[in-house]
Amino acid sequence: QIQLEESGGGWVQTGGSLRLSCSASGRPFSGYTMAWFRQAPEKEREFVAGIHRSEEKTRYADFVKGRFTISRDNAKDTLYLQMNMLKPEGTAAYYCAARWGVILNTTARYESWGQGTQVTVSS
């Protein structure tokens, strides 16, 4: 299994920006479709964005379109999530996940997960 480790979370004011990173190891990163999910307290984990292993296809949840950008650097085995215009409802633990195949927005279809990085957006 591929191992994943997120970083870059922190505290930010409403309207601010953060860039999350997810470093991969153990298996060829370039072969995996990658995604970001988030989980707020007492809520289910939800899909944020995904990027196909080919880098040609991306997919976003409606609530982040136009504000977040997912990208990857296969040479560095790293996934990114640039988050702009953050809102208080964006406060959550953010997780990166990996799977083979197409981008899916369901947690059950991802085989590997990181431990998460906390993002807190103050109003």
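Structure notes:
- Scanning the stretch 82-106 for residues that are open to solvent by 50 Å² or more (accessible area, probe 1.4 Å) and under 12 Å from G50 (Cβ atoms) gives V102, N105, T106.
- Candidate set: the stretch 1-47, residues that are basic (K, R) and open to solvent by 30 Å² or more (accessible area, probe 1.4 Å); chosen: the one nearest to R109 (Cα to Cα): R45
- If you filter the stretch 13-27 down to residues that are assigned to a loop (DSSP other than H, G, I, E, B) and farther than 18 Å from T69 by Cα, you find that the one that is modelled with the lowest pLDDT is R27.
- Scope the stretch 48-81; condition open to solvent by 60 Å² or more (accessible area, probe 1.4 Å) and closer than 21 Å to V121 by Cβ; matching residues: D62, F63, K65, G66, T69
- In the stretch 108-118, residue nearest to E56 (Cα to Cα) [restricted to those that are open to solvent by less than 60 Å² (accessible area, probe 1.4 Å) and within 12 Å of the chain's Cα centre (by Cα)]: G114
- Residue check for W36: part of a strand (DSSP E or B) and more than 13 Å from the chain's Cα centre (by Cα): no
The values are calculated or read from the model by the stated rules, or taken from the named source; none is laboratory data. Predicted model only: the values in this text are computed from it and were never measured. So basically every Cβ, Gly included, is an ideal-geometry build from the backbone, and we count neighbours across all protein chains shown. For the accessible areas, the whole protein counts, side chains as well, though only heavy atoms, and no ligand, DNA or RNA atoms are used. Shrake-Rupley method; radii C 1.70, N 1.55, O 1.52, S 1.80 Å.
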